Amino acid sequence: MQKSSSQRFSFSTWRRFVTIAKPLFFSADRFKALGLLVLLFTLSMSVTRLSVWMSEIAGSYMNALTERKSEEFYRSIRWFAVAVLCTTPVVVMYRYTEEKFALLWRRFLAQYYITRYFSHRSYYRINLERSLDNPDQRIADEIRNFAGTSISFFLILLNSVINLSAWSYVLWRVSPTLSATSFVYAFLGSLGTMLIGRRLVSLNFAQQKKEADFRYRLVQIRDNSESVALYRGEDKEATQILYRLRDALHNLNMLIGWNRNLGFFTRSYEYFKAVVPVLIVAPLYFTEQTNFGALTQATIAFAWVLDALSLIVSQFERLSAFAATIARVGALSEELDKGDRYCVWPRENPTWITIGTDSKLVLDHLTVMTPNRQRTLISGLNLTVDAGQHLLITGASGVGKTSLFRAIAGLWTDGQGIIKRPDLDSLVFLPQTPYMLLGTFRQQLLYSTRGASISDAQLTEVLERVRLGELLARIGGFDAEMDWLNVLSLGEQQRIAFARLLLAKPRIAFLDEATTALDLEDEKYLYGLLQESGQSYVSIGHRASLVSYHDLHLELLADGKWKLV
């Protein structure tokens with residue numbers, strides 16, 4: 001892990017940064033983004049010029065103070081007040097514009113990556129393959145950090161260039177020796193910082209992963225609190241969470257230690273920075289070759305020039321954390337890039353399952369394998385389900401029943417052969433445990449519906465048909481929002497899944513043990529509704545009662561064998 005992170009920082013950080021950053025400047029928001037950058041550049045120039053002006057005034061009133069010229073002193077103070085009145089709104093607007101740009105960038109990046117995350121079902125593939133840890137955290141947190149830190153570093157770099165050009169001239173006028181010293185001092189400080197702090201890059205990368213793992217485990221407990229309580233698994237869950245906490249704190253402890261080591265160097269560097277210009281200009285002042293105001297201005301100018309040259313020293317801790325952020329967002333981007341290839345190349349390769357379109361379901365010499373292709377689940381399956389026919393799939397646990405559904409849905413490509421079926425928009429899949437989204441009851445019912453306008457009267461009629469007519473009054477109407485997973489029983493959830501099916505009116509419905517929480521009478525009634533609709537459906541189930549609701553019976557056996565009745 002450490003070596004990999006260091007390589008990212010050394011060789012691919014800039015490439016990944018460009019890959020992440022450039023979509024904004026080719027999007028519809030590019031003109032707004034460029035306008036804000038131009039405004040930031042203008043404000044940065046203004047802030048620097050006003051700072052130089054204030055330093056000149058400071059030198060003037062310090063000279064007047066040492067020479068006891070009260071009239072000149074108060075005149076300089078009045079000019080200083082004017083400078084403050086001019087500088088304050090510019091500095092405030094500069095900060096405001098920076099935050100607005102970071103907001104624009106974060107909004108664009110979040111929308112961009114969320115869209116890509118759901119394209120080609122990348123979210124499903126990433127979770128199935130475990131190819132990337134915590135993609136949710138990368139989208140929610142790392143993108144926010146990337147946007148804010150990127151614009152912050154851009155402005156720091158921009159200000160450093162502007163300050164260097166503006167203050168170098170001031171410093172050179174006071175002392176060419178002091179000007180040369182600033183460059184040497186900054187170079188030595190940057191070199192020392194890089195040598196001492198390079199370990200921080202890998203530690204920051206690891207810390208972000210460990211913190212995300214810790215948060216994910218806590219969220220998992222919240223989402224499965226009832227199951228944990230029923231199993232009385234509190235001790236085991238607490239042990240797992242505390243283990244992840246210890247892992248994160250152990251890495252954080254090392255991070256703190258290396259920050260301490262770096263702090264010994266950088267803090268000494270900062271303290272000596274205040275003394276160096278005085279040591280060099282003081283002899284000129286003692287020999288009366290310069291005045292006290294020039295000494296004051298030289299100290300200010302040296303600090304500005306050294307700040308401009310000491311980016312690595314002053315920002316290395318943030319830079320190391322930012323490198324880790326770029327690595328994590330960059331890895332997410334590269335993983336999402338596989339989406340297009342994942343959807344296209346299996347169709348062109350005869351050693352993978354090919355999906356075509358047809359008005360009926362056709363499985364032609366279909367072989368389904370495990371994702372690692374080490375075991376064959378189903379071998380050479382030939383099957384046709386004509387319009388209006390009903391197929392029941394049975395078999396022992398682990399023989400590949402649900403895997404066959406996934407292959408038909410295009411989620412599973414390991415294997416070979418051909419699957420033909422209607423377009424996915426005209427198919428509906430019902431899992432054993434229906435998905436209850438966070439939203440209104442209306443959204444629950446319409447989750448499987450594509451584009452159709454459905455009235456409240458139609459929704460009410462469908463609820464009556466699936467024997468949930470009393471539920472509407474209980475929850476308070478279609479626009480009620482609740483924790484549906486806990487408010488509704490599993491049987492009610494399965495009936496809502498059937499309501500979705502009736503509203504969506506698919507050409508073929510796929511039911512994966514979708515009536516396990518219902519009694520036999522309700523099961524018979526709901527399957528009767530499907531038969532009345534005239535649509536085809538394919539069921540997975542173990543109950544013997546299901547046979548009577550189907551025309552065909554496919555029994556999956558061990559070692560890839562199968563039997564069609």
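The values are calculated or read from the model by the stated rules, or taken from the named source; none is laboratory data. Bear in mind that the values here come from a model prediction, so they are computed numbers and not experimental data. When we count neighbours, we look across all protein chains shown, and the Cβ atoms used for this are built from the backbone with ideal geometry, even at glycine.
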Query - Hits in segment 40-74 (condition: closer than 20 Å to Leu103 by Cα and touching a Phe, Trp or Tyr at 6+ places or on another chain (Cβ under 9 Å)) - result: Leu40, Leu43, Ser44
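With the structure loaded, tell me whether Arg107 is of a type in the set (Lys, Arg), more than 18 Å from Ala331 (Cα to Cα) and free of Cβ contacts under 8 Å to residues at least 12 places away in the same chain or whether it fails that test.
Values: of a type in the set (Lys, Arg): yes; more than 18 Å from Ala331 (Cα to Cα): yes; free of Cβ contacts under 8 Å to residues at least 12 places away in the same chain: yes.
Judged against the criteria, Arg107 is a match.
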Query - Those residues of segment 177-204 which are crowded, with 17+ Cβ neighbours inside 10 Å and of a type in the set (Val, Ile, Thr), in sequence order - result: Thr181, Thr193, Ile196, Val201
Requested in this report: Mind listing just one residue for me: the one in segment 86-133 that is more than 30 Å from Asn372 (Cα to Cα) and of a type in the set (Lys, Arg) and, of those, surrounded by the most Cβ atoms within 10 Å (Cβ to Cβ)?
Outcome: Arg106
Report summary line: Checked segment 507-520 for anything buried (at least 24 other Cβ atoms within 10 Å of the Cβ) and not in a strand (DSSP E or B); matches are Ala514, Thr515
Query - Subset of segment 406-438 [in a loop (DSSP other than H, G, I, E, B) and β-branched (Val, Ile, Thr)] - result: Thr413, Thr433
Requested in this report: Can you give me the number of residues within segment 362-384 that are touching an Asp or Glu at 6+ places or on another chain (Cβ under 7 Å), of a type outside the set (A, V, I, L, M, F, W, C) and touching a residue at least 24 places away in the same chain (Cβ under 8 Å)?
Outcome: 3
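Would you tally the residues in segment 439-482 being in a loop (DSSP other than H, G, I, E, B) and touching a strand residue (DSSP E or B) at 6+ places or on another chain (Cβ under 8 Å)?
Of the residues in segment 439-482, the ones in a loop (DSSP other than H, G, I, E, B) are 439, 446-455, 466-470, 476-480, 482.
Then drop every residue that is not touching a strand residue (DSSP E or B) at 6+ places or on another chain (Cβ under 8 Å), which leaves 439, 448, 478-480.
Counting residues in segment 439-482 that are in a loop (DSSP other than H, G, I, E, B) and touching a strand residue (DSSP E or B) at 6+ places or on another chain (Cβ under 8 Å) gives 5.
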Query raised in the report: So which helices (runs of 4 or more DSSP H) stay within segment 174-262 end to end and still have 2 or more residues that are more than 20 Å from Phe272 (Cα to Cα) and at pLDDT below 85?
Result: 199-223, 225-231
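Looking for something touching a strand residue (DSSP E or B) at 6+ places or on another chain (Cβ under 6 Å) and at pLDDT 70 or above - is there at least one such residue anywhere in segment 347-354?
Initial filter on segment 347-354 (touching a strand residue (DSSP E or B) at 6+ places or on another chain (Cβ under 6 Å)): 347, 351, 353-354.
If we keep only those that are at pLDDT 70 or above as well, we get 353-354.
There is at least one residue in segment 347-354 that is touching a strand residue (DSSP E or B) at 6+ places or on another chain (Cβ under 6 Å) and at pLDDT 70 or above.
Listed here are the residues, each with its yes/no results for (1) surrounded by fewer than 13 Cβ atoms within 10 Å (Cβ to Cβ); (2) modelled with pLDDT of 90 or more.
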residue: Lys420; (1), (2): no, yes
residue: Leu427; (1), (2): no, yes
residue: Met436; (1), (2): no, no
residue: Arg450; (1), (2): yes, no
residue: Arg467; (1), (2): no, yes
Report task. Enumerate the pairs (first residue in segment 468-497 and assigned by TED's automatic domain parsing to the domain that holds Leu526; second residue anywhere and buried (at least 18 other Cβ atoms within 10 Å of the Cβ) and in a strand (DSSP E or B)) with beta-carbon separation below 6 Å, excluding pairs fewer than 6 apart on the same chain, so at least 6 apart or on different chains. Result -> Ala497/Leu430
Requested in this report: State all residues of segment 133-161 that are closer than 18 Å to Phe108 by Cα and either basic (Lys, Arg) or not in a helix (DSSP H, G or I) (or both); if no residue qualifies, say none.
Outcome: Arg138, Arg144
Query - Given (1) under 40 Å from the mean Cα position of the chain (by Cα); (2) in a helix (DSSP H, G or I), index of the condition Leu529 fails - result: (1)
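Suppose we filter segment 42-84 for residues that are at positive phi and within 51 Å of the chain's Cα centre (by Cα); how many remain?
The first filter runs over segment 42-84 and keeps only residues at positive phi, leaving 68.
Now narrow it down to the ones that are within 51 Å of the chain's Cα centre (by Cα): none.
Residues meeting the conditions: 0.
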Report task. Output the number of the condition that Asp141 fails; it satisfies all remaining conditions of (1) farther than 24 Å from Gly410 by Cβ; (2) loosely packed, with under 15 Cβ neighbours inside 10 Å; (3) at pLDDT below 90. Result -> (2)
